[in-house]
1. Place +1 on the Cβ of every Lys and Arg and -1 on the Cβ of every Asp and Glu in the chain, take the dipole about the Cα centre, and give the residue among GLN84, PRO256, THR148 whose Cα lies farthest towards its positive end.
2. If you average over every viewing direction, what projected area does the convex hull of the Cα atoms of the range 117-251 give, in nm²?
3. Amide H of THR351: which non-local residues (sequence gap of 5 or more, or other chain) have their own amide H closer than 5 Å, using H built in the peptide plane?
4. Sum up the charges of everything whose Cβ sits under 12 Å from the Cβ of ASP160, counting Lys and Arg as +1 and Asp and Glu as -1, but leave ASP160 out.
5. Calculate the tail of P(r) for the range 217-289: the fraction of all Cα-Cα distances greater than 19 Å, expressed in %.
6. Regarding the range 233-360, what is the average projected area of its C-alpha convex hull, in nm²?
7. So what's the convex hull volume per residue for the Cα atoms of the range 1-146, in Å³?
8. Mind checking which of THR372, THR362, THR295 has the largest fluctuation in a GNM of the chain, springs on alpha carbons under 10 Å?
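What follows draws every value from the coordinates through simple rules; no lab data is involved. Keep in mind it's a predicted model, so treat the numbers as computed, not measured. Note that each Cβ is placed from the backbone with ideal geometry, even for glycine, and that neighbours are counted across all protein chains shown.
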Amino acid sequence: MGLARLHDVLASQVASGAIPGIIALVARDGVAHVEVLGTKALGDTEPLRRDDIFRIASLSKPIVAAAALVLVDEGTVRLDDPVQHLLPELADRRVLRSLDAELDDTVAAVRPITILDLLTFRLGFGSIMAPALTYPIQRAEEELALATLRAPWPPPHSPDEWMRRFGSLPLMAQPGEQWMYNTGAQVLGVLVERAAGKPLEAFLRERIFEPLGMHDTGFSVPPSKLDRFTTAYEPDPESGALTVWDAVTDSYWRSPPVLPNAAGWLVSTIDDYWAFAQMFLPKDTHHGARIISDTSVELMLTDHLSSHQRSAARLFLGEHGGWGLGMLVPAAAVDAPSIPGGFGWDGGTGTTWRSDLDRGITGILFTQRAMTSPEPPAVFVDFWDCAY
């Protein structure tokens, strides 16, 4: 009865025209059930397939965090290492005296940024809860085309040029002081690339994608797979009608990016992401590979925020959420919520993942309808209700 209700609820979202297609995976103790509904694009007659490819947006963040932990496990880097050893552009940081200060109104950083700061989004730079271009730092970031605070498309810079430009800006807060969304993942991607001594995607493919069997995950879609690539939509702000945000015919993802944006630009399939998610489940509930140590898994799933930092990040993390390494985790010393619990994250293109170890449940949902705020859209709420 539960699976039938899941099918019916998600099918009603597609039938209403609210979402072109949905692929939903619900697993209990490692045994997965998958629903595939709708089409790759509005107006298509060919049904969506289980191996179709979606833009997973910020579901990229846990993957790149795991890549950093691969380097930690092998001793290439340590979590408490100052990033300036690999990112000299971030040495001798200055910090804005206040968020609305001009860029030359700064104080010295009290300590260097560490790799842990990048993973926990506490490097001192990130999203601001204010309209775009409100503050001088937002305007400067926009002029440099960094695409870290507001990113319709990734920046057209090489990783080295992006770091040079980013390093020219002061921080918004002292390292370790505040949780600020997004930028830490972009900087982490460049650091992983430099520490590994090879392009980020090559390292991800060698150390994560191939070991886990994630053969359709990457920063672009090759010509041989474009027939499996979905069209991305966003709702019109006034009418709510779906408009094409990225079409397959002229998609950004048709060619490898100049800057592989670790914060949110991977594409993947439901089974590829399920292979990744299984890495965090108890070993006796699945047969997947684990490419980071048990200690690193535990670190990724541990809340690293203070109660004050969690409170300030409530819009993103919710009432019961904390932040591990690259993803949402249950807040420390707080009773777990009923729906949804566990760890994971959401993607702004309409994707979500949670694994709840207490109940043995994992849910992964891929859609083509972009989120319009950090608040979960109705289809996410319905999906988690049915999953539980």
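1. Result: GLN84, furthest along the dipole toward the positive end.
2. Result: 10.6 nm².
3. HN-HN under 5 Å from THR351: THR367.
4. 0
5. Taking all Cα-Cα pairs of the range 217-289, the fraction more than 19 Å apart is 53 percent.
6. Value for the range 233-360: 10.9 nm².
7. Value for the range 1-146: 207 Å³ per residue.
8. THR295
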